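No value in this document is a laboratory result; all are computed from the given coordinates. As the structure is a prediction and not an experimental result, all values here were calculated from the model. Ideal geometry is used to build each Cβ from the backbone, glycine not excepted, and the neighbour counts take in all protein chains shown.
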Amino acid sequence: MCLAIPGRILSVCGDDPVVRTARVDFGGVVKEISLAYTPEAQPGQYVLAHVGFAMALIDEDQAAELLATLRGLAAEAGISLDAVPGPGA
């Protein structure tokens, strides 16, 4: 089983679809990830990321729903994610 985390694209670097990357905000943690699988991705859009790759584009509502689910799972495990803002925050 793998876990993909929703994040918002802040900026995109490169024109070649194979090596194109993006700075993505994951609730305050910004990472550079590959857009090789989502070459159409643009700043302001949301992606699902797994091991440094954007696997799929999603909309803001889907990102908020996934973050709420992750918060619920964390709460069941006794972990607080209150400091992680959701989309639109």
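Summary of values
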read-out	value
Mean shadow area of the chain over all directions, Cα convex hull, nm²	5.7
Dipole magnitude (debye, nearest 20) for segment 5-76, charges at Cβ of Lys, Arg, Asp, Glu	240
Amide H within-cut-off set for Ile58, under 5 Å, with H built and near neighbours excluded	Tyr46, Val47, Leu48
With Cα atoms, 0 to 90° folded angle of helix 60-76 axis to the chain main axis	40
Percentage relative contact order, the chain, counting C-alpha pairs under 8 Å, at least six apart	25
Net charge contributed by nearby residues that have their C-beta within less than 15 Å of Leu66 (K/R +1, D/E -1)	-3
